[in-house]
1. Does residue 79 meet the test of being touching a strand residue (DSSP E or B) at 6+ places or on another chain (Cβ under 8 Å), more than 18 Å from residue 150 (Cα to Cα) and not in a loop (DSSP other than H, G, I, E, B)?
2. Going by the conditions given, is residue 37 assigned to a loop (DSSP other than H, G, I, E, B) and either closer than 29 Å to residue 225 by Cβ or without any contact (Cβ under 8 Å) to a residue 24 or more places away in the chain (or both)?
3. Residues of the stretch 198-238 being under 23 Å from residue 20 (Cα atoms), surrounded by 12 or more Cβ atoms within 10 Å (Cβ to Cβ) and free of Cβ contacts under 8 Å to residues at least 40 places away in the same chain, which ones?
4. Residue under question is residue 57, and the condition is that it be over 25 Å from residue 192 (Cβ atoms) and surrounded by 20 or more Cβ atoms within 10 Å (Cβ to Cβ); does it hold?
5. What's the number of the only condition in (1) closer than 29 Å to residue 110 by Cβ; (2) surrounded by fewer than 17 Cβ atoms within 10 Å (Cβ to Cβ); (3) touching a residue at least 24 places away in the same chain (Cβ under 8 Å) that residue 62 fails to meet?
6. So if I check each of 162, 190, which one is closer than 17 Å to residue 109 by Cβ, touching a helix residue (DSSP H, G or I) at 6+ places or on another chain (Cβ under 9 Å) and surrounded by 15 or more Cβ atoms within 10 Å (Cβ to Cβ)?
């Protein structure tokens, strides 16, 4: 496990409100995504040849970009990885792979998104030659991806606490950035359900998080970010 470091051309958290509607054909975002993911695959995960890692990273980007999502996009992945790096949050190689791949398949409100994303992960690793000395545990990557479907659950595998918390890290962004992410979620979900149904579900989700007594699971997250997350959620519900 180590503190992740990425070579990003832009601050994808600060630029979230600008970039959330400009992901298609964004060359800089595409380059940051595939280059950093390919380096992760070769340097941390055991993919033997950079050309194979490059192909996996580009396939992942284009698959995500073809989902026509507003929130579950390559920008979401880059923003949460940047949050991890800037806050010195240590990640295993499996953690990083889960974050890169957990939303690769996303049809709004479909119950099989995580299953198909996990299957995608298995297929890309099985398609390339791996260095057995330090190859990533693909079954753990798949389990972690499947776990991201269970944010409402009180009990989950402790192995994936950090992943689950990072997936909700936008709760502690500055309020205007948090609102921009929330607006992206709204645009994505109201493409398939009425606005009234979305607003009720959104309110129920946030109230459930507040009522259960914790937002984040990892003790480090709770100490550093819990208070701000609760504050932002309450402001959003006003």
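1. Working: touching a strand residue (DSSP E or B) at 6+ places or on another chain (Cβ under 8 Å): no; more than 18 Å from residue 150 (Cα to Cα): yes; not in a loop (DSSP other than H, G, I, E, B): yes.
Considered against the rule, which asks whether it is touching a strand residue (DSSP E or B) at 6+ places or on another chain (Cβ under 8 Å), more than 18 Å from residue 150 (Cα to Cα) and not in a loop (DSSP other than H, G, I, E, B), residue 79 comes out as no.
2. Numbers: assigned to a loop (DSSP other than H, G, I, E, B): no; either closer than 29 Å to residue 225 by Cβ or without any contact (Cβ under 8 Å) to a residue 24 or more places away in the chain (or both): yes.
Taking the combined requirement at face value, the residue does not satisfy it.
3. Matches in the stretch 198-238: 198, 199, 201, 202, 203, 206.
4. Working: over 25 Å from residue 192 (Cβ atoms): yes; surrounded by 20 or more Cβ atoms within 10 Å (Cβ to Cβ): yes.
Criteria met by residue 57.
5. (3)
6. Working: 162 fails: closer than 17 Å to residue 109 by Cβ.
Just one listed residue meets the conditions, 190.
Just so you know, all these numbers are worked out from the coordinates, no wet-lab data involved. Here the structure is a predicted model, which is why all the values come from computation and not from measurement. Because the Cβ atoms are built from the backbone with ideal geometry, glycine has one as well, and the counts that use them run over all protein chains shown.
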